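The values are calculated or read from the model by the stated rules, or taken from the named source; none is laboratory data. As the structure is a prediction and not an experimental result, all values here were calculated from the model. Neighbour counts are summed over all protein chains in view; Cβ atoms, including those assigned to glycine, are modelled from backbone coordinates with ideal geometry. The protein model used for the area step is the full one, side chains on, heavy atoms only, and it has no ligands, DNA or RNA in it. Shrake-Rupley method; radii C 1.70, N 1.55, O 1.52, S 1.80 Å.
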Amino acid sequence: MAEQLKDKTAKGLLWGFLNNSTMQVLNAVFGIVLARLLSQDDYGLIGMLTIFTSIAASLQDSGFVSALTNKKDATHRDYNSVFWFNIGMSSCLYALFFLTAPMLALFYHEPLITPLFRYYSLAFLAASFSIVPRAMLFKQLRQKELAIISVISLIISGTVGVTMAFMSMAYWGIATQGIMFTLSVSVLSWAFSGWRPSRQVSFQPIREMLGFSSKMLITNIFNQINQNIFSLVLGRYYTKSEVGHFNQANKWNMMGASTITGMVQGVAQPTFVQVGDDRERLCRAFSKMLRFTCFVAFPAMFGLALIAPEFIVILITEKWLPSARLMQMLCIAGAFMPIATLYFNIIISRGKSDVYMWNVIAQGSVILLTILAINKLGGGIETMVWAYVAITIMWIAVWNSFVWREIGFSIMQTLRDITPFLVVAALSMVVAYFVTRQIANIYLLLIAKVIVAAALYLGTMWLMGAKIMRECIGYLLKRSYKKGCG
C-alpha cells in the first residue's frame, strides 16, 4: 500500500507539473497577445474586480471541496448535497453582485465598473456546476483528467479572448475569456467524472461537514484577500495605469508560482490523508515533498526574477517595462508560496481547519495593516511590495510552528531541507547576472542568463549529491523505460 501511494503521488506530481506548466505556457501565449493589444487601463479595470470575483468563488465553494476530500467515506448523498448547495449559493451571490455593482463603481470612481462587474460575475455562476465533479477527480488523484480539462478549457477561452481583443473589444475580451474558461471546465468536468446529481436532496451532509467547511470558507476568503489586496488598495489610491502595471507584474509572477503550487496542491492533501496518523511516516512524506518543492520552486522563481526585464520587453514590449521591477520583487515571494501551500495542506489533512483559518486571517491582517500604514506614511508601491515579500517569507516560520505541533516536524528540520536549495539557487542567479551583464543584445542576454543559471544550479546540485534530484531523474528514466518496453 505504501509503494502504491508513493507511485500514485509521483504520478500525480508529474501530471500536476505537466498540467500546470502547459497551462502557464498557454496563458503566456494568450497573455502576450492580449498585452500587446490592450492598454494598462484595460488590465487595471479587470484588476479592480479580481478580488471580488475571487471572494465570490470561495463563497460558492464554501470549503466543501476540502471537506469532501478529508471525508474518507464520502457518498453520492454527500456530493449531491454539496452540488445543490453550491448552485443555490452561486445564484444568490450573482443576484447580490448584480444589485451592488453601482456601489463598487462609486468606490472606484469608475462608471464602467457597473456593467463590467455584472458581466464578469457570470464566470463564478458557471463555475458552480464544476465544483463537485472536480472535487471527485481531485480526491481520487486523477490529475491526468484534470490536466486535460484545464488545457482544453484554456485553449477555448484564450482563443475567444484574443479574437475579441483583435475586434477592439478591450476589457470585454478579458472578461469573456474568464467566463468561457469556467464554462468549458464545467462541461468537461461532467464528461470526465461521470457523476450526475439526483433530485433527492438532503442537507444533512451539509450540516455534518459545516464545522470543517465553514472554517475553510473563511480561510479561502482571506486567502483571496491576501492575494489580491494590492489590486484593491492600488485601485482606490492610484491610477488605472499603475494598477495595470502591478497586475501585469503579478500575473507573470503568479503564472510561475502557481505552476509549482498547483503541482503540490494537486497531491498534498489527498496523500497526507491516505498516510493517516503515523507521525513518523508523515514526517518522512512531508520532508520529501518539501525538498522536492524547494528543488523546483527556488530556481524557477529566482530565475524568473533574473530574466524579468528582458522577458517583459521581448514578450509584451517596452510599454510594460515598469512592471519588470515589481515582477522581480514579487517572484521572491512567489518562491515561498508553494512551500506555504505544502504546510497548510498537511494542517488541513489533519482536520485542523480552525488552525488554518486563524493563521491565514492573521497573515492577511498583518499584510493589509502594513501596506495601509506604508500608504499613509507616503511610501510608494515598491515599498509596499517589499513589505509583502518580507511578511510572506517570515510567515513560513509561523506555519512551521503549527506543523511541529501536529507531526513533530521541527524548524531545524525545515531549515535543513530548505537552505541548500535556497542558497544554491540564489548564488546561481547572482553569478549568472554578473557573468552575462556585458551582453548588449537583449535576446542573447535572456538566453545566456537562462543557460548559465540552469547549468550552475543543476551542476551544483549534482555535485552535492542532492538525493531528491537523483530520485526525480530515476523516476523519469523508469517511466521512459516502461513506455519503451510497452
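Inspect segment 308-316 for any residue being small (Gly, Ala, Ser), modelled with pLDDT of 80 or more, under 25 Å from residue 381 (Cβ atoms) and assigned to a helix (DSSP H, G or I) and give the result as yes or no. Break it down into steps so the answer makes sense when it comes.
Narrowing segment 308-316 to residues small (Gly, Ala, Ser): 308.
If we keep only those that are modelled with pLDDT of 80 or more as well, we get 308.
With the extra rule that they be under 25 Å from residue 381 (Cβ atoms), the set shrinks to 308.
Filter once more, keeping what is assigned to a helix (DSSP H, G or I): 308.
Scanning segment 308-316 turns up at least one residue that is small (Gly, Ala, Ser), modelled with pLDDT of 80 or more, under 25 Å from residue 381 (Cβ atoms) and assigned to a helix (DSSP H, G or I).
Using the structure shown, decide if residue 164 is over 18 Å from the mean Cα position of the chain (by Cα) and without any contact (Cβ under 8 Å) to a residue 12 or more places away in the chain. No: the conditions fail for residue 164. Any residue at all in segment 403-413 that's within 25 Å of the chain's Cα centre (by Cα), more than 18 Å from residue 309 (Cα to Cα), at pLDDT 90 or above and not hydrophobic (A, V, I, L, M, F, W, C)? No: segment 403-413 contains no residue that is within 25 Å of the chain's Cα centre (by Cα), more than 18 Å from residue 309 (Cα to Cα), at pLDDT 90 or above and not hydrophobic (A, V, I, L, M, F, W, C). Kindly indicate whether residue 318 is in contact (Cβ under 8 Å) with a residue 60 or more places away in the chain, of a type in the set (Asp, Glu), farther than 23 Å from residue 420 by Cα and out of contact with any strand residue (DSSP E or B) (no Cβ under 6 Å at 6 or more places or on another chain). So residue 318 does not fit the description; no. Within segment 112-162, the residues that satisfy the criterion of being outside any helix (DSSP H, G or I), closer than 23 Å to residue 75 by Cβ and not basic (Lys, Arg) are 128, 129, 130, 140, 141.
Quick check on residue 46: is it closer than 16 Å to residue 178 by Cα, at pLDDT below 85 and buried (at least 20 other Cβ atoms within 10 Å of the Cβ)? Criteria met by residue 46. With the structure loaded, tell me whether residue 249 is open to solvent by 30 Å² or more (accessible area, probe 1.4 Å), at pLDDT 85 or above and under 21 Å from the mean Cα position of the chain (by Cα) or whether it fails that test. For residue 249, the condition - open to solvent by 30 Å² or more (accessible area, probe 1.4 Å), at pLDDT 85 or above and under 21 Å from the mean Cα position of the chain (by Cα) - is not met. Please go through segment 170-200 and pick out each residue that is buried (at least 16 other Cβ atoms within 10 Å of the Cβ) and farther than 21 Å from residue 126 by Cα. The one that is buried (at least 16 other Cβ atoms within 10 Å of the Cβ) and farther than 21 Å from residue 126 by Cα: 170. For segment 67-95, a tally of residues being assigned to a helix (DSSP H, G or I), touching a residue at least 12 places away in the same chain (Cβ under 8 Å) and either of a type in the set (D, E, K, R) or surrounded by fewer than 21 Cβ atoms within 10 Å (Cβ to Cβ) (or both) returns 11.
Please determine, by comparing only the residues of segment 96-111 that are open to solvent by less than 50 Å² (accessible area, probe 1.4 Å) and part of a helix (DSSP H, G or I), which one is nearest to residue 238 (Cα to Cα). Taking the candidates together, the pick is 108.
Residues checked against (1) surrounded by 17 or more Cβ atoms within 10 Å (Cβ to Cβ); (2) farther than 30 Å from residue 81 by Cα; (3) modelled with pLDDT of 80 or more:
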| residue | (1), (2), (3) |
| --- | --- |
| 122 | yes, no, yes |
| 140 | no, no, no |
| 152 | no, no, yes |
| 158 | yes, yes, yes |
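Out of the residues in segment 287-325 meeting the condition of being open to solvent by 10 Å² or more (accessible area, probe 1.4 Å) and β-branched (Val, Ile, Thr), tell me which one is farthest from residue 400 (Cα to Cα). Can you show your working first?
Step one: list which residues in segment 287-325 are open to solvent by 10 Å² or more (accessible area, probe 1.4 Å), which gives 287-289, 291-292, 295-296, 299-300, 302-307, 309-311, 313-315, 317-319, 321-322, 325.
Checking which are β-branched (Val, Ile, Thr) leaves us with 296, 307, 313-314, 317.
Numbers: 296: 20, 307: 31, 313: 39, 314: 40, 317: 41 Å.
Within segment 287-325, the match that is farthest from residue 400 (Cα to Cα) is 317.
Apart from one condition, residue 259 fits all of (1) modelled with pLDDT of 80 or more; (2) buried (at least 19 other Cβ atoms within 10 Å of the Cβ); (3) among the polar types (S, T, N, Q); the exception is (1). Is there a residue in segment 341-360 that is in a helix (DSSP H, G or I), more than 15 Å from the chain's Cα centre (by Cα), aromatic (Phe, Trp, Tyr) and buried (at least 22 other Cβ atoms within 10 Å of the Cβ)? Checked against the condition, which is being in a helix (DSSP H, G or I), more than 15 Å from the chain's Cα centre (by Cα), aromatic (Phe, Trp, Tyr) and buried (at least 22 other Cβ atoms within 10 Å of the Cβ), segment 341-360 yields at least one hit.
Quick check, is residue 147 modelled with pLDDT under 80 and either small (Gly, Ala, Ser) or over 20 Å from the mean Cα position of the chain (by Cα) (or both)? Judged against the criteria, residue 147 is a match. For segment 326-334, indicate whether the set of residues that are among the hydrophobic types (A, V, I, L, M, F, W, C), farther than 30 Å from residue 278 by Cα, modelled with pLDDT under 85 and crowded, with 19+ Cβ neighbours inside 10 Å is non-empty. No - not one qualifying residue is present in segment 326-334.
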